[in-house]
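Quick one: structure below, then a few questions.
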Amino acid sequence: MARYTGPRTKKARTFGEPIFGPDNSFEKRKYPAGQHGLTRKRKTKSDYALQLMEKQKAKYTYGVLERQFRNLFDHANRKKGVTGEILLQFLEARLDNTVFRLGISPTRRGARQLVSHKHIVVNGVVTNIPSYQLKPGDVIQVRGKSQHLDAIHNSVHAKSEIRKYGWLEFNPEKMEGKFLAYPERENIPEKINEQLIVELYSK
């Protein structure tokens, strides 16, 4: 299954944000990689470069490759409403992202692995497709025999990892959550300028 497997800290330094989650190495060096580090004079980026970087940031943040990302954009563009906001809503509605948001896994990469290894059930059916698009009302649950796995149990019950989002509800005792609605843009915490992505694809 295609996914980005390269160096995460280096990629996070490119965007100046810990897009893959908490990273001690990133905290030590928040500037772009390179021999001269902060001393290097960096040219002002063109509009195209800024748009491209924003698209790349969104792709790496949500763990989506180019073709899949473009398909999501085309789908969002056909919907009525603000294309950029709808695109982010589709990204948030991915099963792997929702497993991460519910706190079943501390990272999106870990959530993707849980889904791929058939630890997650959607509406009573084992679902191993990380890109599966959830709809309002869908119920997400950790598979019965997987609920005692240390990785899942520790993540769900670690107070520091509890995540609360208005478009989701979660019962840690049952390890069961519900996708209530597509989130409003102001409630999505990712620092992504989706308008730049729309401008890039609209050329």
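Being in contact with a Lys or Arg (Cβ under 6 Å, 6 or more places away or on another chain), under 29 Å from residue 75 (Cα atoms) and of a type in the set (A, V, I, L, M, F, W, C) is the requirement here; does residue 126 meet it?
When the stated conditions are applied, residue 126 passes them.
Next up: Working carefully through the options 189, 183, find the one that is surrounded by fewer than 14 Cβ atoms within 10 Å (Cβ to Cβ) and under 17 Å from residue 92 (Cβ atoms).
189 is the lone residue from the list that is surrounded by fewer than 14 Cβ atoms within 10 Å (Cβ to Cβ) and under 17 Å from residue 92 (Cβ atoms).
FYI, it's all coordinate maths here, none of it is from the lab. Source: prediction; values computed, not measured. So basically every Cβ, Gly included, is an ideal-geometry build from the backbone, and we count neighbours across all protein chains shown.
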